[in-house]
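Have a look at the structure below, then the notes.
The values are calculated or read from the model by the stated rules, or taken from the named source; none is laboratory data. What you are looking at is a predicted structure, and each value in this text was computed from that prediction instead of being measured. Ideal geometry is used to build each Cβ from the backbone, glycine not excepted, and the neighbour counts take in all protein chains shown. Only protein heavy atoms, including side chains, enter the accessible area calculation; ligands, DNA and RNA are left aside. Shrake-Rupley method; radii C 1.70, N 1.55, O 1.52, S 1.80 Å.
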Amino acid sequence: MAASTAPTSQTHPAALPPSVFTLPQTAQLEALYTIIRDKTTSRGDFLFYSDRIIRLLVEESLNHLPVIPKIVETPTGATYEGVGFEGKICGVSILRAGEAMEAGLREVCRSVRIGKILIQRDEETALPKLFYSKLPEDIASRYVLLLDPMLATGGSAMKAVEVLQEQGVPEERIIFINLIAAPEGLKRFCGRFPSLRVITGWIDKCLNEKSYIIPGLGDFGERRCVCCACWYSSSPTADLDIVNEESSRVTSIIALADDCHVAFKSLIRHALRQLAAFFLAEHLAKQLSL
Ligand code: URA
């Protein structure tokens, strides 16, 4: 087949709400997405290439922040009439998958403050419910980069924006960043918050009946994480429901333990590593019939 430089599978940008911005749809970007969508991609490659996209997204989102004139003197003694960012920013990740975008934000914005919001489905009402949040105290005066890699139905993201608004952050000062968006979720989200900007890397076709994005990339959190669920998912004998439930409980505990002392955190990390090593050993032993 002849080499091509233009991507083919992107929704035409003219169909997008005016508050939605996609990354430049280059062949390079499509190649990165092809890697992370491929179910045979290793976890290491998934991490590397999804991190590359996250970095592009963060850089693009910074293009949407206002600047004011700033004059500096260069080492030559000349003055340079440039610009500086007008206001302070912070990141807010929607747990758990949003945490994967924090490192990309930190690489681009030194010492950036990052808050967290944990939203889960309420068993009784089936609606998204706030379980935990920890936000910078002065968040109302900052621009907020809201991080969640997959915009599917938009339910969690909309709840997260409500939480930010309750803290006094105006809609116009929030920029929602994600790697892949479903048209259904985008429409719902942008209909509700028309002046909130959304920066997305790619807009996919649709959602399936389980609210997964199609073609998508599967469960983003699961593809990145080193947890028992990943190892067990390759084993046909594993009781995946139990393992998934356990690993999601562990991640929630880490989120809640975020406030605690660093030494305690490193203890938890150590214990989790031991646990992971145990599961890996069990899995390998099973595979090798030992
Ligand atoms: N979250 C994911 O990780 N994947 C989807 O397809 C939708 C939501």
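Among the residues of region 207-230, the ones that are open to solvent by 30 Å² or more (accessible area, probe 1.4 Å) and either on the phi > 0 side of the Ramachandran plot or more than 14 Å from the ligand (Cβ to nearest atom) (or both) come to 3 in all.
Each row is one residue, and each column tells you yes or no for (1) free of Cβ contacts under 8 Å to residues at least 60 places away in the same chain; (2) over 25 Å from GLY87 (Cβ atoms); (3) touching a helix residue (DSSP H, G or I) at 6+ places or on another chain (Cβ under 8 Å); (4) surrounded by 17 or more Cβ atoms within 10 Å (Cβ to Cβ).
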| site | (1), (2), (3), (4) |
| --- | --- |
| GLY154 | yes, yes, yes, yes |
| LEU164 | no, no, yes, yes |
| VAL169 | yes, no, yes, yes |
| ILE175 | no, no, yes, yes |
| LEU179 | no, yes, yes, yes |
| GLY185 | yes, yes, yes, yes |
| PHE189 | yes, no, yes, yes |
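Is one or more of the residues making up region 119-131 away from the ligand (no atom under 15 Å from the Cβ), open to solvent by less than 50 Å² (accessible area, probe 1.4 Å) and within 19 Å of the chain's Cα centre (by Cα)? No, every residue in region 119-131 fails to be away from the ligand (no atom under 15 Å from the Cβ), open to solvent by less than 50 Å² (accessible area, probe 1.4 Å) and within 19 Å of the chain's Cα centre (by Cα). The single condition among (1) modelled with pLDDT of 95 or more; (2) open to solvent by 10 Å² or more (accessible area, probe 1.4 Å); (3) part of a loop (DSSP other than H, G, I, E, B) that ARG110 does not satisfy is (1). For first residues located in region 24-42 and among the aliphatic types (A, V, I, L, M), partners that are open to solvent by 60 Å² or more (accessible area, probe 1.4 Å) and at pLDDT 95 or above and lie 6+ apart or on another chain with Cβ distances below 9 Å form the pairs LEU29/LEU56; LEU32/ARG52; LEU32/LEU56; ILE35/ASP45; ILE35/PHE48; ILE36/ASP45.
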